[in-house]
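Q: Mind looking over this structure? Questions follow.
The values are calculated or read from the model by the stated rules, or taken from the named source; none is laboratory data. Since we're looking at a predicted model, the values are computed, not measured. Every residue, glycine among them, receives a Cβ derived from its backbone with ideal geometry; neighbour counts consider all protein chains shown. The accessibility values were calculated without ligands, DNA or RNA, using every heavy atom of the protein model including side chains. Shrake-Rupley method; radii C 1.70, N 1.55, O 1.52, S 1.80 Å.
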Amino acid sequence: MTRPFPRLALAAALYILPLAVHAATAHVHGAATLAVAIDGSTLTLILATPTDSLVGFEHAPRTAREHAAVTKMKQTLARPAALFVPSPAAACKPAGVKLESTLFEAGHAHHDHGALKHADGHADLDGEFVFRCARPEALRNLDVRLFDAFPRLKKLKIEIAGPRGQTAAQLTPGQRKVRW
């Protein structure tokens, strides 16, 4: 007989956790939030941060240097295995990345710099990173290397929901690994 309640509770946490993390996130430069959800063999990471924490600005890229910074940010985030290292024994491999930011919408629009601003004048990045794990029972921690890739990032608030329950932590450049 299967026990449907824990699976149902985890499914609800997978849906609610990213929404709660994003809604509770104050727009603080140098800070980000990461929701970690473990469901069976799937590890899902939801990152939310002001773009200032990653590239140093929140407006439409205006110069060649700013365009290059946005391109580099997008390329870096598109390689999640270099940014997020789950427990090696779990044998997790990247399975998908979704990135959203008004800075990406700029594409090649050099003329209308005002089109990218949110109503409050702040631009954010929302990222979803999915890993598939061959041995999910061995998944016990996550080494976060965002601080190396984005030195402006100073604090990462993490919320974790998985088969062992829920927990929270805060990472910094000096403390980059979360365990559960």
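Q: Can you tell me which residue among ALA69, ALA32, ALA20 is modelled with pLDDT of 95 or more, in a helix (DSSP H, G or I) and either out of contact with any strand residue (DSSP E or B) (no Cβ under 8 Å at 6 or more places or on another chain) or open to solvent by less than 60 Å² (accessible area, probe 1.4 Å) (or both)?
A: Checking each option against the conditions leaves just ALA69.
Q: Among LYS155, LYS117, which is at pLDDT 95 or above and open to solvent by 60 Å² or more (accessible area, probe 1.4 Å)?
A: Criteria check complete, one pass: LYS155.
Q: Mind listing whichever residues of segment 72-111 are out of contact with any strand residue (DSSP E or B) (no Cβ under 8 Å at 6 or more places or on another chain), buried (at least 18 other Cβ atoms within 10 Å of the Cβ) and at pLDDT 95 or above?
A: Within segment 72-111, no residue meets the criteria.
Q: Within segment 138-152, can you find the residues that are in contact with a helix residue (DSSP H, G or I) (Cβ under 8 Å, 6 or more places away or on another chain), of a type in the set (A, V, I, L, M) and either assigned to a strand (DSSP E or B) or open to solvent by 60 Å² or more (accessible area, probe 1.4 Å) (or both)?
A: Result: VAL144, single match.
Q: Continuing with this model, one more query. Quick check on my filter: what residues within segment 72-93 are more than 17 Å from the chain's Cα centre (by Cα) and in a helix (DSSP H, G or I)?
A: Our first condition is that a residue be more than 17 Å from the chain's Cα centre (by Cα); within segment 72-93, this holds for 87-91.
Result: PRO88, ALA89, ALA90.
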